[in-house]
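Asks: Just passing along the structure, written as structure tokens.
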Amino acid sequence: MTNAMLQLTAYHIDAFTDRVFRGNPASVVILDNWLDDTTLQAIAAEHNLAETAFVVPTGAVQDLRWFTPTCEVDLCGHATLASAYVLLHCRHGFNAPLRFASRSAGELGVDEADGMLWLDFPARPAQTVEQAPAAIEAALGANSVEWYVGANHLAVFKDAATVAALDPDMRALAKCNREDNSGVIATAPADDGVHDFVSRYFAPAHGIDEAPVTGSAHCTSAPYWGARLNKTELAGRQISQRGGTVMCRLAGERVHLGGHAVRYAESRIFIDLEDAKP
């Protein structure tokens, strides 16, 4: 082992679930200081999960960045939830509430209450458009009843069954979404008597065909359903194959997202920094 060998601790956390093999898996890597972006992206690609979060504990506010297997993203809910779980339940010296500094979304908070972790995220309401983008709707394979555009596209469908049955043409969808660097939230009213709405999230342009549970997407879908249902507290169910529940509380320009997390694995990463150079 050379002097240039770097060893890191990584945690595999299933977020927005209290059971392993459910929810959205994220890798959380703890760093002493930032590595170059090429190495961070290579680690995320090697893990090949929807998101790898990198955390540099700095004291009162922890630095945080998120990478998909192909790119860095500007906001990620489930990997932030996973990062908070790691600091509070897998490491020593951290207490709720936590504060995270992000490069693109400002300061984010995570508290622990009611047996859940609660994210304090910016609301991202979308704006209605008169007509759905034809190419994107065609790629989804079903006709929406409303369409909104914001940080992501928000496609509203008539019922949960329509959302569950979506089988998008991912290649066509990726081509569409590369033009505005967005994903697509497909949503509809829930019909299970437990949740207020259901959703799925597709982001093939970011290297994620379908994300299992997407906290950041609820920064858009929760304000929509809150206004439509005249509610400030909602329960969202993401009906991907793995599935997960996101509790939502609207607070003006912020959205509080609640969920559970569970540790699946803990591992060591070994990187020869000479080999990692581009």
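Asks: Calculated FRET efficiency, Phe21 and Cys90, Cβ-Cβ r, R0 22 Å, to nearest 0.05?
Replies: Here the calculated transfer efficiency is 0.70.
Asks: Highest mean first, how do 20-29, 230-239 rank when packing is the count of other Cβ atoms within 10 Å averaged over residues?
Replies: So the order, starting with the most tightly packed, is 20-29, 230-239.
Asks: How far, in nm, would the chain grow between Asp37 and Ala4 when pulled straight, counting 0.36 nm per residue and subtracting the alpha carbon separation?
Replies: 10.1 nm
Asks: Report the normalised scattering of region 121-278 as log10 I(q)/I(0) at q = 0.12, 0.16, 0.18 Å⁻¹, calculated by the Debye formula with identical scatterers on the alpha carbons.
Replies: Taken in order of the listed q values, log10 I(q)/I(0) reads -0.53, -0.86, -1.05.
Asks: Ok, one more. Tell me, rounded to the nearest percent, the portion of alpha carbon pairs in region 156-213 spaced more than 19 Å apart.
Replies: Here the long-distance tail beyond 19 Å is 32 percent of all Cα pairs in region 156-213.
Asks: Under a point spin-label approximation (7 Å from Cα along Cα-to-Cβ), what is the Ala161-Glu179 distance to one decimal in nm?
Replies: 3.3 nm
Asks: Take peptides 86-97, 246-257 and line them up by average Cβ neighbours within 10 Å, highest first, as a rough protection proxy. Provide the component values of the computation, followed by the final result.
Replies: Working: 86-97: 13.9, 246-257: 18.5.
Order by mean packing, descending: 246-257, 86-97.
Asks: Quick check on region 184-233: what are the equivalent-ellipsoid semi-axes from the Cα gyration tensor, as sqrt(5λ), descending, whole Å?
Replies: On the way: eigenvalues 97, 28, 12 Å².
Result for region 184-233: semi-axes of 22, 12, 8 Å.
Asks: In whole angstrom, how long is each semi-axis of the equivalent ellipsoid of region 209-276, when you take the square root of 5 times every eigenvalue of its Cα gyration tensor and sort them from largest down?
Replies: Details: eigenvalues 224, 41, 28 Å².
Over the Cα atoms of region 209-276, the ellipsoid semi-axes are 33, 14, 12 Å.
Asks: Ignoring ligands, DNA and RNA, please state the percent of accessible area on the chain from carbon and sulfur, probe 1.4 Å.
Replies: 46 percent
Asks: Where does helix 77-89 land angle-wise versus the long Cα axis of the chain, in degrees 0 to 90, nearest 10?
Replies: Between helix and principal axis, roughly 40 degrees.
Asks: To continue, here is another question. Before anything else, pin down the relative contact order of region 98-204: Cα pairs under 8 Å, at least 6 apart, normalised by residue count, whole percent.
Replies: 19 percent
Asks: Taking a temperature of 4 °C and a viscosity of 1.567 mPa s, what whole-number D in µm²/s does Stokes-Einstein yield for the chain with Rh from Kirkwood over alpha carbon pairs?
Replies: Values: Rh = 19.0 Å.
Estimated diffusion coefficient is 68 µm²/s.
Asks: Could you tell me the center-to-center distance, by alpha carbons, between region 6-54 and region 114-135 in angstrom?
Replies: When both Cα centres are located, 24 Å separates them.
Asks: What relative contact order, as a whole-number percentage, does region 171-278 give when Cα pairs under 8 Å and 6 or more residues apart are counted?
Replies: Over region 171-278, the number comes to 19 percent.
Asks: Specify the residue with the greatest mean-square fluctuation among Gln131, Gln241, Gln62, computed from a Gaussian network of the chain linking alpha-carbon atoms under 10 Å apart.
Replies: Among Gln131, Gln241, Gln62, the largest GNM mean-square fluctuation belongs to Gln131.
Asks: Here's a follow-up. May I ask you to rank Ser267, Ser240 by accessible area, largest first, using a 1.4 Å probe over the protein chains only?
Replies: Ser267, Ser240
Asks: Given contacts defined as C-alpha pairs under 8 Å and at least six residues apart, what's the relative contact order of the chain, whole-number percent?
Replies: Working: 679 pairs, mean separation 65.4, N = 278.
The normalised contact order for the chain reaches 24 percent.
Asks: Helix-only mean residue ellipticity at 222 nm, the chain, DSSP H runs n ≥ 4 weighted -39,500 (n - 2.57), per residue, nearest 500. What is it?
Replies: -6000 deg cm²/dmol
Asks: A further question follows. Can you grab the distance from the C-alpha centre of region 260-275 to the C-alpha centre of region 161-188, Å, no decimals?
Replies: Between the Cα centre of region 260-275 and that of region 161-188, the gap is 31 Å.
Asks: What does the extension gain come out to for Val129 and Asp272, with contour length at 0.36 nm per residue minus their alpha carbon separation?
Replies: Going from the current span to full extension adds 46.4 nm.
Asks: Which value, in Å², gives the accessible area per residue of region 51-159 when a 1.4 Å probe is used on the protein heavy atoms?
Replies: Using a 1.4 Å probe on heavy atoms only, each residue of region 51-159 averages 42 Å².
Asks: Test of understanding: extend the Cα→C-beta vector of Glu253 to 7 Å, then name every residue of region 75-116 with backbone N under 13 Å from that spot.
Replies: Answer for this model: 106-107.
Asks: Using the alpha carbon gyration tensor of region 58-112, what are the three equivalent-ellipsoid semi-axes (square root of 5 times each eigenvalue), largest first, in whole Å?
Replies: Ellipsoid semi-axes (Å, largest first): 20, 12, 9.
Asks: Going 7 Å from the Cα of Val56 along its beta-carbon direction, which residues of region 101-131 have the amide nitrogen within less than 18 Å of the resulting point?
Replies: Taking a point 7 Å out along Cα→Cβ of Val56, the residues of region 101-131 whose backbone N falls under 18 Å are 101-108.
The values are calculated or read from the model by the stated rules, or taken from the named source; none is laboratory data. Since we're looking at a predicted model, the values are computed, not measured. Here the Cβ is made from the backbone with ideal geometry for all residues, glycine too, and neighbour counts use every protein chain on show. All accessible areas refer to the heavy atoms of the entire protein, side chains included, with ligands and DNA or RNA removed. Shrake-Rupley method; radii C 1.70, N 1.55, O 1.52, S 1.80 Å.
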